[in-house]
Amino acid sequence: MSVAPDVATAAAEPSMREIRRNILNMVWPVAAENVLQFLIGFVNTAMVGRLGAATILAVGLSGRVGMFVWIIFNAIGTGTTVLIARAVGAGDPQRVRRVAQQGLLLAVSLIGVVGFAVFTFAPPLLLVFKATPEALPIGTAYLRLLVFSMPFQVLFMGISAILRGTGNTRVPMQIAVVTNIVNVALNSLLIFGRFGLPALGFRGPAVSTIIGQAVGAAIAVKYLLSSRSGVNMGLQGFFSYDFPLIKRILSIGIPSSAEMAFWQLASVILFRLINGFGTEAGAAYQLGLQAEGISYMPTAGFAIAATALVGRSLGARNPGLADRYIREIVRWGIALTTVTTAILVFGPRVLMRMLTNDEVVIALGAQYLLIMGLSQVPQQISGTLSGSLRGAGDTVTPMISAGVGIWGCRIPLSFLLSRRFGLVGIWWAINLDQFTRLVIVGAKYLGGKWKTSVGDGTQGETSGASPEM
């Protein structure tokens, strides 16, 4: 079986140079993919930003509805990645293949039902976020078009989760490059109607997304079925459900998705609160979130690397190596985040002017970016430690930290501080949430109990595989 650079066991402890090389081999493709997605998303948002505040808000809220969809598939992806990483560490290629099959089968089985529900209930879903009268019809049309990209996105997400579990982050990055190039090229043509094509306006990004995701999914499927993937994926046995294994995938993944659900449910309340300040306030928050990605997108790969490398180290029964990986990844993350944070702190208005020419939106968004700059390093450390705990099979602690941070800090403080300070109070509440999460996951990491997790992720077991495997 061919996988990414091997993680040494206690019998052949790697040097610090080898550890750094293994981290870099996993991190740089994810970082490159995220930076590319950020840049292309930035360009796409800038194009949409020229269509007015109502369109900005409509497209942004449609994206928020889409995030609810990915809660379901995040559970499958997280569980699949963790179990595959453990199987790689244990040297069990047959288990790698079976986990990959079941994870992908489960995702494909669910997308039809989920997509139909989103298409049917698009208007009420947008109204949950308190979409303004100007934004609702635009958002409804956009979201219903976007539904047709979801099957392709699910395929790509599922295959990416499989490959990252084996340590292969390079191929998902390469496919994402192609997908995003297709997307941004078509956006430029379809939004404004260049080279004789019709000007589709806000519908342009949706059509571009469908085509781009279809291209990416086709490439991903072809690669997974080839011998180069190292997964030995085939159709034999693919359509037979292994319910004990599916249960194991979901038992690991659901807490991670619950973490996302905490945010998505809270985002309904938060967006309603922000949109209550007017269309410009909602648009500023949408663009602020997009611009903030310049700080955290390049470092998102550290959490993914932590999950895979910790999972493989513990699968090989080497908790000391897992700890060495975590400490080194945290150091790298702090160094890079310090640099990217400076862009938010010293150039917020420059970033906002790249996205819109609405002066009110620029002022509100710049204020958001300046305050968010203070929480970028804590957010990065928290994300890396959460990824490490997931690799150890502990997806509950990150879920708890998100729940406490969002529902115990972000939401109540947003209401409390916004009454006194307006939108600035909400920006500060979001900021403080990140510090709360760091305290919780940091305490769990320092406690060290995660090191007792071996095999496929069940804490305290001494065998390489769970009874359900």
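The values are calculated or read from the model by the stated rules, or taken from the named source; none is laboratory data. Treat the numbers as computed from the prediction; the structure is a model and nothing was measured. For neighbour counting, all protein chains shown are included, and Cβ atoms are generated from backbone atoms with ideal geometry for every residue, glycine included.
Quick look at the numbers
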| item | result |
| --- | --- |
| Hits in region 356-372 - residues which are buried (at least 23 other Cβ atoms within 10 Å of the Cβ) and part of a loop (DSSP other than H, G, I, E, B) | Thr356 |
| Identity of the residue in region 148-170, modelled with pLDDT of 90 or more and surrounded by fewer than 20 Cβ atoms within 10 Å (Cβ to Cβ), that ends up farthest from Gly63 (Cα to Cα) | Pro151 |
| Close pairs from region 363-379: first farther than 18 Å from Val330 by Cα and hydrophobic (A, V, I, L, M, F, W, C), partner modelled with pLDDT of 90 or more and buried (at least 20 other Cβ atoms within 10 Å of the Cβ), Cβ under 6 Å, at least 6 apart | Ile371/Trp427 |
| Among residues of region 387-402, those that are under 19 Å from Asp433 (Cβ atoms) and touching a Leu at 6+ places or on another chain (Cβ under 7 Å), counted | 2 |
| Helices (runs of 4 or more DSSP H) (entirely within region 123-207) containing at least 2 residues that are under 25 Å from Gly79 (Cα atoms) | 150-165, 170-192 |
| Residues located in region 142-198, provided they are among the basic types (Lys, Arg) and in contact (Cβ under 8 Å) with a residue 40 or more places away in the chain | Arg164, Arg170 |
| Condition met for Leu61 (modelled with pLDDT of 85 or more and out of contact with any Ser or Thr (no Cβ under 8 Å at 6 or more places or on another chain)) | no |
| Answer residue from region 176-228, given it is surrounded by fewer than 21 Cβ atoms within 10 Å (Cβ to Cβ) and hydroxyl-bearing (Ser, Thr, Tyr) and is nearest to Ser62 (Cα to Cα) among those | Ser188 |
| Flag for Ser295 being surrounded by 18 or more Cβ atoms within 10 Å (Cβ to Cβ), out of contact with any Cys (no Cβ under 8 Å at 6 or more places or on another chain) and closer than 23 Å to Gly383 by Cα | yes |
| Any pair with Cβ under 6 angstrom, 6 or more apart, that starts in region 322-340 at a residue that is in contact (Cβ under 8 Å) with a residue 60 or more places away in the chain and ends at one that is among the charged types (D, E, K, R) and outside any helix (DSSP H, G or I) | none |
| Number of positions in region 298-341 that are surrounded by fewer than 21 Cβ atoms within 10 Å (Cβ to Cβ), aliphatic (A, V, I, L, M) and closer than 22 Å to Pro398 by Cα | 2 |
| Residue that is aromatic (Phe, Trp, Tyr) and under 30 Å from Gly276 (Cα atoms), where the choices are Phe119, Phe152 | Phe119 |
| Of residues in region 6-39 being outside any helix (DSSP H, G or I) and either farther than 20 Å from Val330 by Cβ or modelled with pLDDT of 65 or more (or both), the one nearest to the chain's Cα centre (by Cα) | Asp6 |
| Unique residue being over 19 Å from the mean Cα position of the chain (by Cα) and hydroxyl-bearing (Ser, Thr, Tyr) when the list is Thr307, Thr341, Thr337 | Thr341 |
| Number of the exception - Gly79 against (1) part of a helix (DSSP H, G or I); (2) out of contact with any Lys or Arg (no Cβ under 8 Å at 6 or more places or on another chain) | (2) |
| Some residue of region 376-395 being of a type in the set (S, T, N, Q) and more than 30 Å from Thr307 (Cα to Cα) | no |
| All positions within region 154-212 that are at positive phi, among the small types (Gly, Ala, Ser) and in contact with a helix residue (DSSP H, G or I) (Cβ under 8 Å, 6 or more places away or on another chain) | Gly167, Gly201 |
| Test: residue in region 60-72 that is surrounded by fewer than 19 Cβ atoms within 10 Å (Cβ to Cβ), in contact with a Pro (Cβ under 8 Å, 6 or more places away or on another chain) and closer than 21 Å to Met260 by Cα | no |
